[in-house]
1. Quick check on the chain: helices-only [θ] at 222 nm, where DSSP H runs of length 4 and up contribute -39,500 (n - 2.57) each and the sum goes over total residues. Nearest 500, please.
2. Sort ILE22, ILE50, ILE1, ILE42 by accessible area with a 1.4 Å probe, largest first.
3. Expressed as a rounded percentage, what relative contact order does the stretch 50-91 have, with Cα pairs under 8 Å and six or more residues apart?
4. With springs only between Cα atoms under 10 Å apart, run a GNM on the chain and tell me which of LEU63, LEU17, LEU115 wobbles the most.
5. Please give the FRET efficiency for GLU44 paired with ALA97, using the beta carbon to beta carbon distance and R0 = 25 Å, rounded to the nearest 0.05.
6. How much length is gained if the chain between ALA114 and VAL87 is pulled fully straight, taking 0.36 nm per residue apart and subtracting their Cα-Cα distance, in nm to one decimal?
7. Connecting C-alpha atoms closer than 10 Å in a GNM of the chain, tell me which of THR51, THR101, THR68 has the biggest fluctuation.
8. Across the chain, what fraction of all alpha-carbon pairs, as a whole percent, falls in each successive 10 Å bin from zero upward?
Amino acid sequence: IRGWLARSDLYVAPANLESFGIAALEARCAGVPVVAKSCTGIREFVEHGITGLRFTPGDHAGLADAVTALLSDELLARRLERDARRVLARDYPREGAAQRTVEVYARAVREERALQADLGLRVDQPLRLVVRDGNLLADRP
């Protein structure tokens, strides 16, 4: 997939409901300029004019303008590619990524165990992952 993305001029993510946008993130990581709606999870990693272009939901002209800009202005497209790679290297360095992931999970387990202990609950039981309406932090009824 990375090879296909690398040969792409741009990646368009027009979905109304996009919780995170892993495909758009993969495109950005491959150095492909991303055009995405400003209301989805993609806005977390596509900064308008820096790492991609965003448009307002329902603004079809804005979508068309963003696509046209990237296809007609090679300097803009190359600048977005360059800046997306720089931001990626700065904010998400590969070195130590696995260790940081392990640390995040370990901290989550420690915090959950501490909460259980504070509530006087047994801490030797396996932890449950609770997902309600797409929210990992919500309690089940």
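The values are calculated or read from the model by the stated rules, or taken from the named source; none is laboratory data. For clarity, every value in this text was computed on a predicted model and none was experimentally measured. So basically every Cβ, Gly included, is an ideal-geometry build from the backbone, and we count neighbours across all protein chains shown. Accessible surface areas use protein heavy atoms only, side chains included; no ligands, DNA or RNA. Shrake-Rupley method; radii C 1.70, N 1.55, O 1.52, S 1.80 Å.
1. Only helices count here, giving -15000 deg cm²/dmol.
2. Values: ILE22 100, ILE50 70, ILE1 130, ILE42 0 Å².
My answer, sorted largest first, is ILE1, ILE22, ILE50, ILE42.
3. Numbers: 22 pairs, mean separation 19.9, N = 42.
47 percent.
4. LEU115
5. Numbers: r = 17 Å, r/R0 = 0.70.
Rounded to the nearest 0.05, the efficiency is 0.90.
6. Values: separation 27, 0.36 × 27 = 9.72 nm, distance 3.54 nm.
Difference between extended and current length: 6.2 nm.
7. THR101
8. Result returned by the calculation: 11, 31, 26, 18, 11, 3, 0.
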